[in-house]
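The values are calculated or read from the model by the stated rules, or taken from the named source; none is laboratory data. From a predicted model like this one, the values you see are computed outputs, not experimental measurements. Don't worry about glycine lacking a Cβ; one is built from the backbone with ideal geometry, like all the others, and counts go over all protein chains shown.
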């Protein structure tokens, strides 16, 4: 399901007059590949930083400008959307992999800061990446975390803390900055569900570990709608990008099985997850209950607040 234009129609002359020049990192990723055409349809001028401009053009079209280095951006930028980052669950967390994860988030953000300061940029808005891993991960049910909660411990938490701190200097040259503490983003043909879909569709899915660990998730369409909302309201600081009803792993497993009409009878014990995934198994065996307090206080309404509704829509469109 696409993200609707809030006006219910096409962009008019007034919308075009309000268009922004937006620099996006991570524009060819799971979120970015949905966000770029959406904001392009609203009349914004988009520049995407990518390692492969050719692939970017094939994916997003030639109306988008693609650059391989910040130095290629010479025009004034109004908004920065910093979403770049290697997939944290794509590979085992070897020391070289941890370095890659850090470089794709922290080092890239540091490069963004250096470029912006050296070229005299002044941004109206910066939306910069983080994740719910900021709060740490624990096994079983957890207390609820909101944006004022203290950071946790572990690799995921330290990565998010450093990622957020790398963007701190942008406050000096920005009118407003928001740290997007993102949960598990659900949508068609990408993200976590892309990895789960085949085994679950074959009837091989099941609970991981105890099944008590909490998954804080958000439908991709709601994520894009929340970004729109943030641009139109005065939110600043940390914003939890999660749905209002997190789910235990066993509930997630059962709900996904129902959505695709398959049994979920093959659990993965904790020891097996540890053997297969190593340190990265903390993503599977632990979690955090993160609530979108800032968004809801500001009046944002979720299209998919409940997991069953979100997964049923995704399954129908897969």
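Quick look at the numbers
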{"read-out": "Tally, over the range 66-89, of residues that are over 21 Å from residue 180 (Cα atoms) and in contact with a helix residue (DSSP H, G or I) (Cβ under 9 Å, 6 or more places away or on another chain)", "value": "7"}
{"read-out": "Failed item, numbered, when residue 198 is tested on (1) in a loop (DSSP other than H, G, I, E, B); (2) over 16 Å from the mean Cα position of the chain (by Cα); (3) surrounded by fewer than 18 Cβ atoms within 10 Å (Cβ to Cβ)", "value": "(1)"}
{"read-out": "So residue 191, is it at pLDDT below 95, in contact with a strand residue (DSSP E or B) (Cβ under 9 Å, 6 or more places away or on another chain), surrounded by fewer than 21 Cβ atoms within 10 Å (Cβ to Cβ) and farther than 24 Å from residue 79 by Cβ", "value": "no"}
{"read-out": "The one condition in (1) buried (at least 16 other Cβ atoms within 10 Å of the Cβ); (2) assigned to a helix (DSSP H, G or I) that residue 275 fails to fulfil", "value": "(1)"}
{"read-out": "The range 45-63 - residue that is more than 21 Å from the chain's Cα centre (by Cα) and outside any helix (DSSP H, G or I) and, of those, farthest from residue 225 (Cα to Cα)", "value": "62"}
{"read-out": "Single residue of 137, 130 found to be at pLDDT below 95 and in contact with a helix residue (DSSP H, G or I) (Cβ under 7 Å, 6 or more places away or on another chain)", "value": "137"}
{"read-out": "Among (1) in contact with a helix residue (DSSP H, G or I) (Cβ under 6 Å, 6 or more places away or on another chain); (2) closer than 30 Å to residue 43 by Cβ; (3) surrounded by 21 or more Cβ atoms within 10 Å (Cβ to Cβ) - the single one residue 115 does not satisfy", "value": "(3)"}
{"read-out": "Residue identified as free of Cβ contacts under 8 Å to residues at least 24 places away in the same chain, farther than 26 Å from residue 314 by Cβ and either under 20 Å from the mean Cα position of the chain (by Cα) or surrounded by fewer than 18 Cβ atoms within 10 Å (Cβ to Cβ) (or both) among 100, 164, 124", "value": "100"}
{"read-out": "Lone qualifier among 284, 256, 227 - being buried (at least 19 other Cβ atoms within 10 Å of the Cβ), part of a helix (DSSP H, G or I), in contact with a helix residue (DSSP H, G or I) (Cβ under 6 Å, 6 or more places away or on another chain) and modelled with pLDDT of 95 or more", "value": "256"}
{"read-out": "Selection from the range 287-314 of residues that are farther than 20 Å from residue 257 by Cα and crowded, with 20+ Cβ neighbours inside 10 Å", "value": "287, 288, 289, 290, 292, 294, 295, 302"}
{"read-out": "Considering residues of the range 204-219 that are in contact with a helix residue (DSSP H, G or I) (Cβ under 6 Å, 6 or more places away or on another chain) and touching a residue at least 60 places away in the same chain (Cβ under 8 Å) only, the residue nearest to residue 250 (Cα to Cα)", "value": "207"}
